[in-house]
Amino acid sequence: MKKIFSVLVFLTISQISFAGSLDYKGLEKISKDNTFMDGEGIPYPDDKITDKKNTLLIIFNHGSSADAKRDVCSKKAKVGKIGSGGLVPAIASLHNKKINNLEIKIYRLCSGVIGFPVKTSVKYYDQFKAKGKIELVDEFKQMRRQNIIINKVEEFKNSGFENIVLAGWSAGGWASLNLQSRFPDKVKGAIAFNPAFAGPKKEWSKQYPQWGEFRKHQINIIKSSNSLKGIIFSHAKDNFETPETLAFFKEFDGLTFIDYSEVDCDKGHWMPRKKCFTDYVEKNNYLVTFLESIF
């Protein structure tokens, strides 16, 4: 039977967001750890930024754990501690740099509310096995995170920030790409380090096919866009997504795809936390070149 993935109209909430309208459990608590961070990962108050019009704001989005768990996002997470919400060092190093007269500031956003409980995921597994399709009427974590992130973008735009880029590692990178493709008027570009959200490839492709279908749904949303301005870093030894599984992104003319499989100093998915990766990015001037191309 042909596998069909159908989404009920109810889930248009996953593509349309309204500032201030979200009421996810735990969101208020984790939002208290949202903060601007300097190049050392030290938090500072937003009133330190006095010229919003000439600021290039990078909103950094952390990775995610299992859907039934709230993500760790520590306010004092050190640079490189990406498993607890710390900045990817290559992003932290951009603090206060100038891109065509715009000064870069970095905001670390905590958005990892709980998504599916395990029983809900099992429900979709059973549904897919029985019908060969999924009728999605719940929000998994990635969908919720995207709503939270775009709401924060809207808040920043309403407060005077005009030049906003999303960046992120793993699930945060995936969300950044998805949102840039859907809201190009609000998000000028996306930087994604090892983007993924559906778990290890062996799980979404075989063990948990419902997550393979959720992944297809996300890909279809991205492909429905006319454009995508972003830069992706991907590694062949990443057990979540590889240059091969992410190859569909190469269809977008505005997308720069960096296969950095030649770098080998950590497990593939975790490579962005290491100095060798930062050195590689800076040596090739990838991020500055990308930002200069859109501003």
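The values are calculated or read from the model by the stated rules, or taken from the named source; none is laboratory data. All values derive from a computational prediction rather than experimental measurement. Using ideal geometry, Cβ is built from the backbone for each residue, glycine included, and neighbour counts are taken over all protein chains shown.
Brief remarks on what is shown
- Only listed residue being buried (at least 16 other Cβ atoms within 10 Å of the Cβ), closer than 30 Å to Asp185 by Cβ and out of contact with any Ser or Thr (no Cβ under 9 Å at 6 or more places or on another chain), chosen from Phe233, Phe295: Phe233
- Residues satisfying the stated conditions in the range 243-286, i.e. hydroxyl-bearing (Ser, Thr, Tyr) and touching a residue at least 40 places away in the same chain (Cβ under 8 Å): Thr245, Thr278, Tyr286
- Enumeration of residues in the range 105-125 that are part of a loop (DSSP other than H, G, I, E, B) and within 21 Å of the chain's Cα centre (by Cα): Cys110, Ser111, Gly112, Val113, Ile114, Gly115, Phe116
- Residues within the range 62-106 that are among the basic types (Lys, Arg), in contact with a Phe, Trp or Tyr (Cβ under 7 Å, 6 or more places away or on another chain) and surrounded by fewer than 21 Cβ atoms within 10 Å (Cβ to Cβ), tallied: 0
- Some residue of the range 173-180 being buried (at least 16 other Cβ atoms within 10 Å of the Cβ), free of Cβ contacts under 8 Å to residues at least 12 places away in the same chain and not in a strand (DSSP E or B): no
- Some residue of the range 33-54 being at pLDDT 95 or above, part of a strand (DSSP E or B) and surrounded by fewer than 16 Cβ atoms within 10 Å (Cβ to Cβ): yes
- Within the range 84-104, the residues that satisfy the criterion of being in a helix (DSSP H, G or I) and more than 14 Å from the chain's Cα centre (by Cα) are Ser84, Pro89, Ala90, Ala92.
- Just one of the listed residues (Lys223, Lys275, Lys250) is out of contact with any helix residue (DSSP H, G or I) (no Cβ under 8 Å at 6 or more places or on another chain) and either surrounded by fewer than 22 Cβ atoms within 10 Å (Cβ to Cβ) or closer than 24 Å to Glu139 by Cβ (or both), and it is Lys250.
- Some residue of the range 273-293 being modelled with pLDDT of 95 or more, among the aliphatic types (A, V, I, L, M) and in contact with a Cys (Cβ under 8 Å, 6 or more places away or on another chain): no
- Helices (runs of 4 or more DSSP H) wholly inside the range 204-295 containing at least 1 residues that are basic (Lys, Arg): 209-223, 275-283
- Subset of the range 31-52 (residues that are of a type in the set (A, V, I, L, M), more than 14 Å from Lys76 (Cα to Cα) and without any contact (Cβ under 8 Å) to a residue 12 or more places away in the chain): none
- Exactly one residue among Ala198, Ala167 is small (Gly, Ala, Ser) and within 8 Å of the chain's Cα centre (by Cα), and that residue is Ala167.
- Some residue of the range 124-138 being of a type in the set (S, T, N, Q), in contact with a helix residue (DSSP H, G or I) (Cβ under 9 Å, 6 or more places away or on another chain) and surrounded by fewer than 24 Cβ atoms within 10 Å (Cβ to Cβ): yes
- Number of the condition not met by Phe240 [criteria: (1) touching a residue at least 24 places away in the same chain (Cβ under 8 Å); (2) surrounded by fewer than 19 Cβ atoms within 10 Å (Cβ to Cβ)]: (2)
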